Amino acid sequence: MEILEMQSICKEFPGARVLNNVNLSVRKNEIHALLGENGAGKSTLMKILTGIYTMNSGSIKYQGQQVNISGPKHAEELGIVMIHQEFNLIPQLSIAENIFLGNEKEFTTLGKINWRALTSASLQYLNQVGLKVHPKTQVADLSVGEKQLTEIAKALSKQAKLLIMDEPTAALTETEKEKLFSIMQSLVNQGVSIIYISHRMEELFQICHRVTVLRDGEYVATQDIPNTTIDKLVALMVGREVSERFPKSTTTPGDLLLQIENFSNHRLNNINLQMKAGEVVGIGGLMGAGRTELARAIFGLDRVSGNLKLHSKDGTSFSGTFSHPQDAIRHGLAMVSEDRKDQGLVLPFSVKENLALPT
Ligand SMILES: Nc1ncnc2c1ncn2[C@@H]1O[C@H](COP(=O)(O)OP(=O)(O)OP(=O)(O)O)[C@@H](O)[C@H]1O
Ligand SMILES: [Mg+2]
């Protein structure tokens, strides 16, 4: 039984046809993946479904009825709720205030909001997503995973029947991801349908029932997850057979470049590591094993005891530890941080200014 049937959807922006006869149908109690390369049209299709954009032509059937979605509020009334990749939470407000943002009316008498009722009403949704944090906690104080759960709680408070998740696991830890998946599973058991957008193929096979593939704004295929493979989906996405997803290139590592000796600090205990020029060295370990801390210590972000030797091509060498990232940069090191939005970029600055910052 279908909850949603989008048929022959076309969307043009001035000078660009972005969707051309796209179909998407989602069944009740289904997790349906929407797959496609960057720019394939996934977000645009979802923005049409949630009333943010108007389509040029096509039809949408929802719960067996032809609908004409007039705007985001209308979509919400229908139970179509989207969780955007960039969270729409207000950090200065509490969890409860965020959940009912825009719907405070439910708790208002004579123009006055009953905060106690609002706060306790939020508990039901926090329980449903398994978030064990007080509803008065400021959203700014939550981890990324907890923010994600708050977003889902907010969606549930809107009585979502069709939930759209755009890359929800991009910033989650392994444990948070597993928790999210089990919540998705229980939502589906409660009768919710989910459209799931992700670039991580393995996840689709873990959690989704069917997948629809888009390419360059065109509908390509819909397949049952148990009857397809990653290779088949990649071929549908890019439009040709791809024999090797990550072709191996062979290189011959050069001379010794970096030596880490007995690195120790509050998080590290006697770490040794050697690296040759032209080499890619992976650092493995579970969440919390100290991988980030090692990178930070090498780069001069955290104090560390021990020694670092760097042998440059031009014969110059360094021995000691970097006391400041600037030190490390001067010696030719660069670091791409784990949380790019928070630690890697200055968001109010332009691309140009950000690029120029280290130098
Ligand atoms: N407002 C707009 N005006 C003009 N072109 C747009 C607009 N929004 C999106 N596009 C174009 O439409 C195409 C589809 O974009 P869309 O964001 O839907 O892709 P996507 O599949 O969500 O990609 P990603 O995986 O990167 O999120 C792209 O070529 C994009 O440049
Ligand atoms: Mg997108």
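Residue pairs whose Cβ atoms lie under 9 Å apart, separated by 6 or more positions or on different chains, with the first residue in the range 1-17 and assigned to a loop (DSSP other than H, G, I, E, B) and the second open to solvent by less than 90 Å² (accessible area, probe 1.4 Å), are Met1/Lys28; Met1/Asn29; Met1/Gly64. The residues on offer are Thr119, Thr150, and the sole one that is more than 25 Å from the chain's Cα centre (by Cα) and either within 25 Å of Gln190 (Cβ to Cβ) or not in a strand (DSSP E or B) (or both) is Thr119.
Of all residues in the range 221-250, those satisfying the criterion of being of a type outside the set (A, V, I, L, M), surrounded by 10 or more Cβ atoms within 10 Å (Cβ to Cβ) and without any contact (Cβ under 8 Å) to a residue 60 or more places away in the chain are Gln223, Asp224, Thr228, Thr229, Asp231, Lys232, Gly239.
Conditions (1) of a type in the set (D, E, K, R); (2) touching a strand residue (DSSP E or B) at 6+ places or on another chain (Cβ under 6 Å); (3) open to solvent by less than 10 Å² (accessible area, probe 1.4 Å); (4) more than 16 Å from ligand 2 (Cβ to nearest atom), marked per residue:
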site	(1), (2), (3), (4)
Pro91	no, no, no, yes
Ile95	no, no, yes, yes
Glu104	yes, yes, no, yes
Thr108	no, no, no, yes
Gly111	no, no, no, yes
Lys132	yes, no, no, yes
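Residues in the range 19-32 that are within 13 Å of ligand 1 (Cβ to nearest atom) and either hydrophobic (A, V, I, L, M, F, W, C) or crowded, with 21+ Cβ neighbours inside 10 Å (or both): Leu19, Val22, Leu24. Scanning the range 2-18 for residues that are surrounded by fewer than 15 Cβ atoms within 10 Å (Cβ to Cβ) and closer than 14 Å to Arg210 by Cβ gives a single hit, Glu2.
Of all the listed residues (Gly102, Gly51, Gly39, Gly58), the sole one being part of a loop (DSSP other than H, G, I, E, B), at pLDDT 95 or above and of a type in the set (Gly, Ala, Ser) is Gly51. For the range 37-67, taking the residues that are in contact with a Ser or Thr (Cβ under 9 Å, 6 or more places away or on another chain) and within 16 Å of ligand 2 (Cβ to nearest atom), the one that is most open to solvent (accessible area, probe 1.4 Å) is identified as Tyr53.
The values are calculated or read from the model by the stated rules, or taken from the named source; none is laboratory data. Just so it is clear, the structure is predicted and the values come from calculations on it, not from any experiment. When we count neighbours, we look across all protein chains shown, and the Cβ atoms used for this are built from the backbone with ideal geometry, even at glycine. Protein only, heavy atoms only, side chains kept; ligands, DNA and RNA dropped before computing areas. Shrake-Rupley method; radii C 1.70, N 1.55, O 1.52, S 1.80 Å.
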